[in-house]
Amino acid sequence: MKELFFELSQSWQLEPLEMTGAIALWLVVVSAIVLSFVATFAGVTSWVERRVAGRMMSRIGPNRVGPQGFLQWMADGLKCFLKEDVIPNEVDKPLFRFAPYLVFTGTFAAFAALPFGYGIVAADLNIGIFYVTAITALVVIGILMAGWSSNNKWSLLGGVRSAAQIVSYEIPSGLAILSVVVLAGTLNLQAIIAGQGGFPWDWYIFNNPFTLMAFFIFFASILAEGNRTPFDLPEAESELVAGYLTEYSGMRFVFFFFGEWANLWVMSALITTLFLGGWQIPGVADLAGVVAGVQGAAKTLWILLSVVVFFAKTLVLVFVVIWIRWTLPRLRVDQLMVMCWKYFVPFGFLCMMGSALFVLIAQSPLGETVHLVVRLALTGLGGLVLLLFVRRTILNVRELQDPFYFKVLE
Amino acid sequence: MSSTVFDYFTNIRNAFTSIFHGLAVTFSYLFRKPTTIQYPDRIDTPVQQMLPPLFRGILEVDVGLCIGCNLCEKTCPLGCLRTAVVRDPETNQRYITRFDVDISKCMVCGLCSENCPTGAVRHSTEFEASTANMVNLVIRYVKPGERIPVHKPVKGEESPGLPQNEPIARAHKEWDEPPPVDPDQVRGRVRWKNDGAPEEEQSS
Amino acid sequence: MTQLILEDQHGETTMVNMGPQHPSTHGVINLRLLLQGEVIAKIDPIVGFLHRSIEKLGEMTPYPGFLPYTDRVDYLSAMFGNQVYCMAVEELLGVEVPRRAEYLRVIACELNRIISHLIAVGTMAMDLGAFTPFLHAIRERETVNDFMERICGARINYSYMRIGGVPRDLEPGLDKDILKFLDRFEKFIPEFNRLITGNEIFVRRLIDLAVIPAADAISCGLSGPNLRSSGVDYDLRRDRPYSAYPEFEFRVVTGEGYRGQTGDCYARYWVRIDEMLESAKIVRQALLGLPEGDVKAKVPRKITPPKGEVYSAVESSRGEMGCYLVSDGGEQPLRVRFRTGSFTAMTVLPKIVPGLMVADLTAFFGSLDVVAPEIDR
Amino acid sequence: MYHWGEGFAMPTKLDWLLNTPRKNSIWYLLFATACCGIELMQTGGPRTDLDRFGAVFRATPRQADLLLVAGSVTYKMADRVRRLYDQMPEPKYVLAMGSCANSGGLFARSYSVVKGVDKIIPVDVYLPGCAPRPEALNHALLTIQKRMMKDKWSVRRTTSSEKLL
């Protein structure tokens, strides 16, 4: 994308000053695209979340605004923009005003490095994963700011909890990322995806037992970093009224929510990239080669297909995160720390070293075969768990209610 | 949390199995019918007709059946019913001149309808009465100035009574309808006990 | 308040008002907390935000007219308020309640116990952050509410019982529907357990938390599920039999420390889950063995009990609910007084809570299952 | 107060545009004083799903549009209710749910209960019943929606103290 743009600008033979302007324009265009994507995605996800949550509670969820309530997010957003912007007297006003934007920026900037498909990435950084983890850490500053400046004890407790939680969980998530990086040998997100294949046994999640473990650790820690249940302590509704959001109303509150739902995408996209094969299409061993080999419409189609695959995987993960949120209770704050330091960090180290060991094993004479067996066995295990799950679900449906009823839209 | 190494690993196992079961339960609800009754518009029969006839909704009065015994007013612990009966000195016929029910006070306990000898006072299954004006919550079954002769039950004959589950005249009006000017009201609420003795003779 | 501020000399503690508007105080109760970080150093429960002077109103209202007020003493288990008041007046009057009426009362009460406990376990899950179990509990509750509507015509404030019995018989076909529901309910509880009770996070949040030893429970005057979960085997339905309870077989559930200690929050939770199943058993027995006969004894319309005083007590879903009545021979009681389980449960807070965290407090408060009007009346 | 002339189509369109999102996303404050609070919970529950109309509960008054006074308000509680109302951002609406909130209801003779919450805060919609069914609350929500649609953007809503004094 970027190369294309610069080729164009060179063909126009722009002056240096004009070139600067063109670059600025390029930045504006790209951020507008990403921003509109983020806004729409965040809104639609909020609708999806409410509908899914509704069905899990055997109710329906919003279905009055637009077809099936699809425009609910617009109503919510518009209403919040029209609300009075309350800034209480006693708050630290500059910080109070600034915090929502910081939270939003932290999540929003991460989108720059996310790979949406083969070659579809705003900035193909060679330290992509490092950049993403670093920039999302901005969120914690925003939340701490919000909690402190609100001049409300519940807010402060929420902010401090959030800081403790996010900073601690950076460690296991970093360790889990490292165990993948050891396998891929690079920090570039595109290259990490390129190191995997299209089929489940080619993904890094089933690469070896340690990456499987790392997957769970990463999933849990990134949930904690995104303040999602069971780790939504900073905004725990039943304990700290609304945590750091207690004093926020109207537009500023919406910005926090934008950030939260956009973060849902960042989380899921990262997991897809690192563990679930990213945009790799099943059956296509070398997408780069295929794309390089064709021209014109075929090339576009291949790239589009990769985007579709990536989106599909990410959306499944988004669903899983929503599903977990509406199932589990939340942890206590000390249990959260215990879980991090006593369970995740040791296992994270184990994962990193284990996958390093596995790289060595795979390079040994018999390694290729052993690796294949391990990968297939792990994939089989995953399939077995899925089968058991389906069985359990069917039993549940049969036990309490006789007819099997499936209608997504009500 | 845990004291031994065994506990440590048991915790991990328990966490996985219990979360597995929990997720299976919530997931299975995606394949079940929601229990929501889409109340105002997307249902086949109105909710009022789905309710059991016993349901204690808003009080309704068939003034034609009222024998003017004033028992309902006396039974009500709150005084949310207000009746007045006058006697025509010439014909000796008694007339009901006032039968008001303040449903903003009513606690739907069913004591009045139980004590009513003819079934003139009863609970309907109607419940839609939300309104913007407090005045609309006072239902006047006898219009001011109207005189309705009391009912004289015939022995051995059952009182006709209102048909079951028939919605009463809605107490609800449009929210912004201007309140009727009535000196009887203080801040939009009908004053009850302290408004001095009414001119009509009380039958008691 | 002044006292709390005096203690906070070094600025190491924070005073926080939890309530009266707080999602997990179960009504309007103000808990004034002194926090050291997240740990509670001191708790000062402030009640009276819902003091509606029910007892005073009782002295101003004729005997039958006071019945609707007894619903509002504990709105989650209104049947017990009705029953304890009716029992007191009946004892004053010396009226014998027909056996069928007693059975109907038991059915209504036990159904009420089920839905009250459903709210208790549901809100407890909600206090711990799980919202879905709460709505599943509400869904089952709606079914029972429908039955209540068919039994007495109301959903929460039933005003079902009358002095001398119940006003009407069961609607035909209702008993079959209730039995059908009980079958379903006995399958629902295992599902509910799979969803939340067995969840490791839920268990870890609750076990060994806020243990109330049996001695403390007795000295604080706890009763009902809160007392039984501390291991004290005491149930008015069995130990001081009233109504038709001696004719039914049921187990008095006591806390056994299912995974932690006896008397912890998890035990209190489990006692309620088990009690729901026991109540279902009682309802089933009562429906199957419903005797024939009248449902209301002959009682004069104007009730003027002779001079005297009486105390009656029932095992409500929140512990012993008692009604003390003094009559001076008039149409209105001279004194009405209610003894409720929630009020005594509040007295245990200052003893147990210091040292817990804020998140634990919501769990502990949820496990006590208090209801604001029962505290304040 | 300025009124647009007749035949000028813009205000109604604009009003519609501004009021439609408002009416379709009523966030109510999770605040239950007494018995009606249980029916409020049940209304949010599976049977009568308020979420269908975009109404969800918020725990903090700062994010709420609708104050549902569910149950009796005592004198001790009165200034808290008032404060909660003041903390809500405009435009805000109040629904008095149940007899106690309407007029004191069965506790009207009591020495400690406010005889109707409209003595403390301005009430937009009254809902009778003790306690009202969930469907009745749903109906009240629709009444509030109707009321919202009649708001004019050019006319400031009468706030709290103006209406009372």
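Those residues that are open to solvent by 10 Å² or more (accessible area, probe 1.4 Å), closer than 20 Å to C:ASN30 by Cβ and assigned to a loop (DSSP other than H, G, I, E, B), I need them from segment C:319-357; list them, please. Residues satisfying the conditions are C:PRO354, C:LEU356.
Restricting attention to segment A:219-234, and to residues there that are part of a helix (DSSP H, G or I) and surrounded by 24 or more Cβ atoms within 10 Å (Cβ to Cβ), which single residue is nearest to the other protein chains (Cβ to nearest Cβ)?
Ranking the candidates gives A:LEU233 first.
Of all the listed residues (B:THR83, B:THR91, B:THR35), the sole one being among the β-branched types (Val, Ile, Thr), at the interface with another protein chain (Cβ under 8 Å from one of its Cβ atoms) and either more than 30 Å from D:THR43 (Cβ to Cβ) or in contact with a helix residue (DSSP H, G or I) (Cβ under 6 Å, 6 or more places away or on another chain) (or both) is B:THR35.
Given the structure, is D:THR74 at pLDDT 85 or above, within 12 Å of chain A (Cβ to nearest Cβ) and buried (at least 20 other Cβ atoms within 10 Å of the Cβ)? Let's see the steps before the verdict.
On the way: at pLDDT 85 or above: yes; within 12 Å of chain A (Cβ to nearest Cβ): no; buried (at least 20 other Cβ atoms within 10 Å of the Cβ): yes.
No, not satisfied.
Please verify whether segment C:276-292 includes one or more residues that are crowded, with 18+ Cβ neighbours inside 10 Å and in contact with a Gly (Cβ under 7 Å, 6 or more places away or on another chain). Checking segment C:276-292: not a single residue is crowded, with 18+ Cβ neighbours inside 10 Å and in contact with a Gly (Cβ under 7 Å, 6 or more places away or on another chain). When C:THR13, C:THR25, C:THR2 are screened for being at pLDDT below 85, over 26 Å from D:MET41 (Cβ atoms) and surrounded by 16 or more Cβ atoms within 10 Å (Cβ to Cβ), only C:THR13 passes.
Would it be correct to say that C:GLY58 is within 14 Å of chain B (Cβ to nearest Cβ), without any contact (Cβ under 8 Å) to a residue 60 or more places away in the chain and of a type in the set (Gly, Ala, Ser)? It is false that C:GLY58 is within 14 Å of chain B (Cβ to nearest Cβ), without any contact (Cβ under 8 Å) to a residue 60 or more places away in the chain and of a type in the set (Gly, Ala, Ser).
The residues in segment B:94-121 that are within 14 Å of chain C (Cβ to nearest Cβ) and either buried (at least 20 other Cβ atoms within 10 Å of the Cβ) or of a type in the set (A, V, I, L, M, F, W, C) (or both) can be counted, and the count is 10. Output the residues belonging to segment A:54-91 that are within 7 Å of chain D (Cβ to nearest Cβ) and in a loop (DSSP other than H, G, I, E, B). Within segment A:54-91, A:MET57, A:SER58, A:ARG59, A:ILE60, A:GLY61, A:PRO62, A:ASN63, A:ARG64, A:VAL65, A:LYS83, A:GLU84, A:VAL86 meet the criteria.
Residues of segment A:341-369 that are away from every other protein chain (no Cβ under 14 Å) and either open to solvent by 50 Å² or more (accessible area, probe 1.4 Å) or in contact with an Asp or Glu (Cβ under 8 Å, 6 or more places away or on another chain) (or both): A:PHE349, A:MET353, A:LEU357, A:LEU360, A:ILE361, A:ALA362, A:GLN363, A:PRO365, A:LEU366, A:GLU368, A:THR369.
The residues of segment A:232-245 that are farther than 19 Å from C:THR123 by Cα and in contact with an Asp or Glu (Cβ under 9 Å, 6 or more places away or on another chain), listed by number, are A:GLY243, A:TYR244, A:LEU245.
Given the options D:THR43, D:THR12, name the one that is part of a helix (DSSP H, G or I), at pLDDT 85 or above, farther than 21 Å from C:VAL370 by Cα and more than 9 Å from chain A (Cβ to nearest Cβ).
Numbers: D:THR12 fails: at pLDDT 85 or above.
Exactly one residue qualifies, and that residue is D:THR43.
If you check B:VAL63, B:VAL101, which single one turns out to be of a type outside the set (Lys, Arg) and modelled with pLDDT under 80? Step through it out loud before you land on a result.
Values: B:VAL101 fails: modelled with pLDDT under 80.
When all the criteria are applied, what remains is B:VAL63.
Per this entry, D:ALA64 is not counted among residues that are of a type in the set (Gly, Ala, Ser), more than 10 Å from chain C (Cβ to nearest Cβ) and in contact (Cβ under 8 Å) with a residue 60 or more places away in the chain.
Among the candidates A:MET74, A:MET56, the residue that is out of contact with any Leu (no Cβ under 8 Å at 6 or more places or on another chain) and either open to solvent by 40 Å² or more (accessible area, probe 1.4 Å) or under 30 Å from B:ILE37 (Cα atoms) (or both) is uniquely A:MET74. Across segment A:236-251, the qualifying residues are those that are buried (at least 24 other Cβ atoms within 10 Å of the Cβ) and not in a loop (DSSP other than H, G, I, E, B), and the one among them that is nearest to the other protein chains (Cβ to nearest Cβ) is A:LEU245.
Of the residues that sit in segment C:298-312 and are more than 14 Å from every other protein chain (Cβ to nearest Cβ) and in a loop (DSSP other than H, G, I, E, B), which one is least open to solvent (accessible area, probe 1.4 Å)? Restricting to residues being more than 14 Å from every other protein chain (Cβ to nearest Cβ) and in a loop (DSSP other than H, G, I, E, B), the top hit is C:PRO305. In the set (1) without any contact (Cβ under 8 Å) to a residue 40 or more places away in the chain; (2) in contact with a strand residue (DSSP E or B) (Cβ under 9 Å, 6 or more places away or on another chain), B:PHE16 fails one condition alone, (2). Only one of the numbered conditions (1) buried (at least 24 other Cβ atoms within 10 Å of the Cβ); (2) within 9 Å of chain A (Cβ to nearest Cβ) is violated by D:SER25, and that is (1). Within segment C:175-228, the set of residues being out of contact with any Leu (no Cβ under 9 Å at 6 or more places or on another chain), within 13 Å of another protein chain (Cβ to nearest Cβ) and without any contact (Cβ under 8 Å) to a residue 12 or more places away in the chain comprises C:LYS180, C:ASP183, C:PRO190, C:ARG194, C:GLY198, C:GLU200.
In segment A:303-340, the qualifying residues are those that are aromatic (Phe, Trp, Tyr) and closer than 18 Å to A:TRP265 by Cβ, and the one that is nearest to the other protein chains (Cβ to nearest Cβ) is A:TRP323.
Within segment A:111-135, the set of residues being at pLDDT 85 or above and within 14 Å of the chain's Cα centre (by Cα) comprises A:ILE129, A:VAL132, A:THR133, A:ILE135. Inspection of segment C:138-159 identifies at least one residue that is over 19 Å from D:GLY45 (Cα atoms) and of a type in the set (Lys, Arg). The residues listed here are C:VAL97, C:VAL89, C:VAL106; of these, the one that is open to solvent by 10 Å² or more (accessible area, probe 1.4 Å) and away from chain A (no Cβ under 14 Å) is C:VAL97. Scanning segment D:84-95 for residues that are at the interface with another protein chain (Cβ under 9 Å from one of its Cβ atoms) and either open to solvent by 10 Å² or more (accessible area, probe 1.4 Å) or within 23 Å of C:ARG377 (Cβ to Cβ) (or both) yields D:LEU84, D:GLN87, D:GLU90, D:PRO91, D:LYS92.
The values are calculated or read from the model by the stated rules, or taken from the named source; none is laboratory data. Bear in mind the structure is a predicted one, so any value in this text is a computation, not a measurement. With ideal geometry, Cβ positions are generated from the backbone for all residues, glycine too; neighbour counts draw on all protein chains shown. Protein only, heavy atoms only, side chains kept; ligands, DNA and RNA dropped before computing areas. Shrake-Rupley method; radii C 1.70, N 1.55, O 1.52, S 1.80 Å.
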